[in-house]
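None of the figures in this text is laboratory data; all of them are computed from the coordinates on show. Everything numeric in this text was worked out from a predicted model, so none of it was measured. With ideal geometry, Cβ positions are generated from the backbone for all residues, glycine too; neighbour counts draw on all protein chains shown.
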Amino acid sequence: MSDVSFTTKTKVFHWLTALMIITIVPLGVIAGRLPIETDAQIATKTLLFSIHKSLGVAVFLVALARIAYALTQRKPAPLHPERRVETLLAEVVHWLLYISLVLVPLTGWIHHSAAAVAAPIWIPFAQSLPFVPVNPTVSDFFGGLHWLWSKVMVASILLHVAGALKHHVIDKDATLRRMWFGHSAYTGRAQGVHRKPAVIAVVIYGLVAGVGAAAGILSHSDTPLQSEELAQVSSEWTVQNGTIALSVEQLGNPVKGEFTDWVADITFSDGPTGVVGNVETTINIGSLTLGTVTAQAMGPDFFDQTQFPTAVFSADIIKTDGRYLAQGTLRIKDATAPVTLPFDLALEDNSATMAGSVTVDRRDFTIGDNMADESNLGFAVEIAIALTATR
């Protein structure tokens, strides 16, 4: 069998990947540690994460191209095959790197797509992945895998660099030089395919994922909210089922949520026009589900659920021109603002079905005051209410 050397394309793939990795890893670490207390900090964090994610997708695509090309090429064998342990370790590290270059950016990409609210990826087709649902559980799972496996990747890179330096400085052989440009003369016998290093690398990845799952890293890690369910109220009309949903834009993406625990005291007697009833609705703030930003929404800069566990909407029900209005006030935290909710009402015997929506300004309730830039968090919050009640 004739001697072979690393081709120019192989070297380009190697050093291009290395350049992207030494850029992407520090960006992710720095962005993850930045605070988000002001608009300037949010903008900086978003920018760094966008660069990190965009480079991550690029690394994934380059890695696929690199692997596809490598499968068509023969590469020179190690210069010291007699050093069996060292050679095995080097091949395991190479396999860990190949796997890392695919799985680490891919899990980060899935985490991004499932989260919905995130710093955007600048590659047009990469903002979301098909068949990946917007789901906090999915986002948490793949976010955990991304975090775990990125540590395997970093460890593999450090071992790879240490091995290259050992060959260059201590052994003084051509291992490093033959991967640099202009050194095609450094050839060697073609390396055969060894399955053992690949199997070991796959097992390492599986073990790391297993340890992470056992430690709870692959599941939602936020502490469950401590909030007592609201007591039922004695009311002329009893709500049988219903929803209070909200929607707001964050970083240009719609974020939808719902309060699952609320009670309504409703008095209503239909008439021609004017005030035909009143309603007082108490909402358990801790029952809000808002995707991957639920915990953030409960914090002191937003709903401050610990200090203000409930919100209250009190209003007169007014009939006008065949439509209905709930006109009153909404209290969230220690702020109260006037709110008029138009709604449609269908009456049948002693049953009533209503649906309506209203848009409020979060700034009226001192929610997200640290996000004064609407591009970070929209000012308008749409609240949609639907319910069925019986007399």
What translational diffusion coefficient, to the nearest whole µm²/s, does the range 69-110 have by Stokes-Einstein, given a Kirkwood radius computed over alpha-carbon pairs, a temperature of 20 °C and 1.002 mPa s viscosity?
176
Amide H within-cut-off set for Glu249, under 5 Å, with H built and near neighbours excluded
Val255, Gly378
Given unit charges at Cβ for Lys, Arg (+) and Asp, Glu (-), the dipole magnitude of the chain about its Cα centre in debye, nearest 20, is 3460
Size of the dipole of the range 3-214 about the Cα centre, Lys and Arg at +1 and Asp and Glu at -1 on the beta carbon, nothing else charged, in debye to 20?
660
Loop GluC sites (Glu not before Pro), the range 309-391, which have at most 16 other Cβ atoms in a 10 Å radius of their Cβ (DSSP)
Glu374
Normalising by the residue count of the range 1-56, find the relative contact order in percent from Cα pairs under 8 Å and 6+ residues apart.
34
Find the centroid of the Cα atoms in the range 330-376 and in the range 261-302, then give the distance between the two in whole Å.
8
Taking Lys and Arg as +1 and Asp and Glu as -1, residues besides Asp301 with C-beta under 9 Å from its C-beta add up to -3
Kirkwood Rh for the range 3-214 from C-alpha pairs, in Å, is 18.8
Scattering profile of the chain from the Debye formula, Cα beads only, expressed as log10 I(q)/I(0) at q = 0.13 Å⁻¹, is -1.07
